[in-house]
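Here is the structure we will look at, set down as structure tokens.
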Amino acid sequence: MTKRFFLGVGMLLVATWLHAQLTLEQCVEHAQENYPLIKKYDLLSKTQEINLSDINKSWLPQIGIYGQGTVQNAVPSFPDALSNIMSQMGTDMPGLGKLQYKVAAELNQTIWDGGTSKSQREIVRADNAEHLAQLDVQLYAIRERVENLFFGILLMDEQIKQIQATQTLLQGNLNRLRAMKTNGTAMQSDVDMMEAQYLTASQQLIQAQSNTQSYRRVLEIFTGIDIGVQHLVKPEADMPDNLTVNRPELNLYDMQTRANEIRSSTIKSSLMPKVRLFAQVYYGYPGFDNFKSMMNRDLSLNALAGVKVSWNIGSLYTKKNRERQLQIASEGIDTDRGTFLFNISLQALSQTDRINEMEDIMKEDARIVELRANVRRAAESQLGNGIIDTTALLSKITDENQARLSASYHEIQLIQLIYQLKHTLNR
């Protein structure tokens with residue numbers, strides 16, 4: 001029963017420890033989801049829906065209501081001879097009145113707009129795709145900042161580990177010196193020197209722990225999760241399969257080029273004629289029956305319907321200039337793309353050289369640590385035999401600590417360099 005209990009507790013602790021592990025990709029994912037800019041994706045989607053809805057509504061019947069009153073200095077009238085004859089017959093024919101007024105309603109229904117609405121819809125979608133690509137570029141920059149924080153914490157955690165290991169060595173040698181002083185084979189100054197070095201290491205440990213907590217708090221702000229003392233998993237040092245660039249900036253250039261191509265289609269649609277049905281109803285004076293309106297000033301209800309064809313040839317004058325502007329803009333985008341790829345290639349080449357350099361440096365790390373440890377162990381033995389003093393031993397301990405710390409740093413720095421290369425390429 002006791003064995004089962006302890007086995008269950010052990011499994012629970014292991015599960016808790018595994019759950020407390022945090023990978024670099026998890027941090028990047030949380031940071032991108034937590035970044036305020038992420039809300040703009042939803043805003044852009046809603047804006048596109050509104051713009052497309054407005055364009056689609058342009059095909060709905062357009063109704064206008066207006067009132068009008070005018071005074072004219074001349075209006076159609078009957079010839080004087082005819083007016084006199086009709087007057088003698090008892091019929092008054094005053095002609096149209098100079099004061100005219102009406103309340104009207106007008107209905108317009110587009111039949112064909114020459115492809116204008118289609119082009120507008122494509123432009124809205126292209127602009128939205130371009131804005132989304134811009135957001136992708138901005139969010140991608142978050143990855144680099146999170147990676148720097150993540151590897152910074154790993155480096156400081158490694159420093160803490162090495163300081164604690166050094167403290168263990170110093171404490172062991174301090175206990176030995178105290179025993180030697182009791183036996184009369186060491187002086188108080190030797191004990192004080194070793195204890196001072198131990199206390200110095202304790203100060204370094206406090207500072208390192210404070211720094212790593214500061215970095216963790218900043219990472220918490222970025223990710224929006226409670227990192228606390230969670231164990232950060234050291235990533236694998238896997239080099240990219242190739243140096244092909246897959247950055248989001250390239251998609252942005254593609255979207256900008258596509259938007260320009262679509263805008264060129266609007267130039268063609270602006271040259272096409274527009275066809276629409278129209279109807280007009282108004283109540284007022286004069287009516288469409290001019291003869292009746294010349295006989296009296298009575299208000300009447302009038303209606304008119306038909307087909308209207310309009311063609312604005314003014315767009316022909318600026319067609320070539322607009323096409324040239326779009327062409328220049330596309331050439332500028334191609335130049336920006338080429339410059340970006342050139343700079344990225346140089347950066348990737350430099351990073352690859354640094355990775356190769358670090359790999360060469362690391363080849364001797366294990367041997368250096370082994371030799372430094374051998375020298376320190378020998379110095380400890382020599383101190384016990386009175387061959388060397390405490391100062392010499394402390395120097396050997398410091399050298400070993402520096403060798404171990406450098407080896408750990410080199411390992412983490414190599415992984416960081418590889419991830420910097422991956423970030424440069426987006427691999």
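The values are calculated or read from the model by the stated rules, or taken from the named source; none is laboratory data. Only a predicted model underlies this, so the values are computations on that prediction, with no experimental measurement involved. Using ideal geometry, Cβ is built from the backbone for each residue, glycine included, and neighbour counts are taken over all protein chains shown. Just so you know, the surface numbers come from the protein's heavy atoms only, side chains and all, with ligands and any DNA or RNA stripped out. Shrake-Rupley method; radii C 1.70, N 1.55, O 1.52, S 1.80 Å.
Given the condition in a helix (DSSP H, G or I), open to solvent by less than 20 Å² (accessible area, probe 1.4 Å) and either under 30 Å from Thr223 (Cα atoms) or of a type outside the set (D, E, K, R) (or both), answer yes or no: does some residue in the stretch 101-112 qualify? Scanning the stretch 101-112, I find no residue that is in a helix (DSSP H, G or I), open to solvent by less than 20 Å² (accessible area, probe 1.4 Å) and either under 30 Å from Thr223 (Cα atoms) or of a type outside the set (D, E, K, R) (or both), so the answer is no.
Search the stretch 180-203 for residues being within 57 Å of the chain's Cα centre (by Cα) and in contact (Cβ under 8 Å) with a residue 40 or more places away in the chain, and hand back the single one that is surrounded by the most Cβ atoms within 10 Å (Cβ to Cβ). So, considering only residues that are within 57 Å of the chain's Cα centre (by Cα) and in contact (Cβ under 8 Å) with a residue 40 or more places away in the chain, the one surrounded by the most Cβ atoms within 10 Å (Cβ to Cβ) is Met194. Looking across the stretch 275-295, the residues that are open to solvent by 60 Å² or more (accessible area, probe 1.4 Å) and either under 21 Å from Gln62 (Cα atoms) or touching a strand residue (DSSP E or B) at 6+ places or on another chain (Cβ under 9 Å) (or both) come down to Arg276, Leu277, Val281, Tyr283, Phe288, Asp289, Lys292. In this structure, does Leu271 turn out to be over 29 Å from the mean Cα position of the chain (by Cα) and either surrounded by 15 or more Cβ atoms within 10 Å (Cβ to Cβ) or in contact (Cβ under 8 Å) with a residue 60 or more places away in the chain (or both)? Yes; evaluated as a whole, the condition is true for this residue.
Find all pairs meeting these conditions: Cβ atoms under 7 angstrom apart; at least six residues apart or on different chains; first residue within the stretch 404-415 and within 14 Å of Ile163 (Cβ to Cβ); second residue of a type in the set (Val, Ile, Thr). Short answer, once both residue conditions are applied: Arg404/Val369.
None of Leu421, Leu417, Leu393 is in a helix (DSSP H, G or I), modelled with pLDDT under 90 and surrounded by 19 or more Cβ atoms within 10 Å (Cβ to Cβ) except Leu393.
Can you name the residue in the stretch 349-371 that is open to solvent by less than 50 Å² (accessible area, probe 1.4 Å) and within 23 Å of Gln162 (Cα to Cα) and is also farthest from the chain's Cα centre (by Cα) among such residues? Among residues in the stretch 349-371 that are open to solvent by less than 50 Å² (accessible area, probe 1.4 Å) and within 23 Å of Gln162 (Cα to Cα), the one farthest from the chain's Cα centre (by Cα) is Val369. For the stretch 35-68, a residue qualifies if it is of a type outside the set (A, V, I, L, M, F, W, C), assigned to a helix (DSSP H, G or I) and surrounded by 15 or more Cβ atoms within 10 Å (Cβ to Cβ), and the qualifying residues are Lys40, Thr47, Gln48, Asn51.
Within the stretch 69-86, the presence of a residue that is among the aromatic types (Phe, Trp, Tyr), modelled with pLDDT of 75 or more and either in a helix (DSSP H, G or I) or touching a helix residue (DSSP H, G or I) at 6+ places or on another chain (Cβ under 9 Å) (or both) is excluded. If only residues of the stretch 69-80 that are open to solvent by 60 Å² or more (accessible area, probe 1.4 Å) and without any contact (Cβ under 8 Å) to a residue 60 or more places away in the chain are counted, the one that is nearest to Phe291 (Cα to Cα) is Pro79.
Here the condition is being in a helix (DSSP H, G or I), loosely packed, with under 12 Cβ neighbours inside 10 Å and not aromatic (Phe, Trp, Tyr); of Asn321, Asn374, it holds for Asn321 alone. Among the residues of the stretch 143-179, those that are open to solvent by 10 Å² or more (accessible area, probe 1.4 Å) and over 45 Å from the mean Cα position of the chain (by Cα) comprise Gln167, Thr168, Leu169, Gln171, Gly172, Asn175, Arg176, Arg178, Ala179.
Pairs are defined by a Cβ separation below 8 Å, a sequence spacing of at least 6 or placement on different chains, a first member in the stretch 235-250 that is more than 22 Å from Gly152 (Cα to Cα) and at pLDDT 90 or above, and a second member that is among the charged types (D, E, K, R) and open to solvent by less than 80 Å² (accessible area, probe 1.4 Å); the pairs so defined are Pro248/Asp136; Leu250/Arg337.
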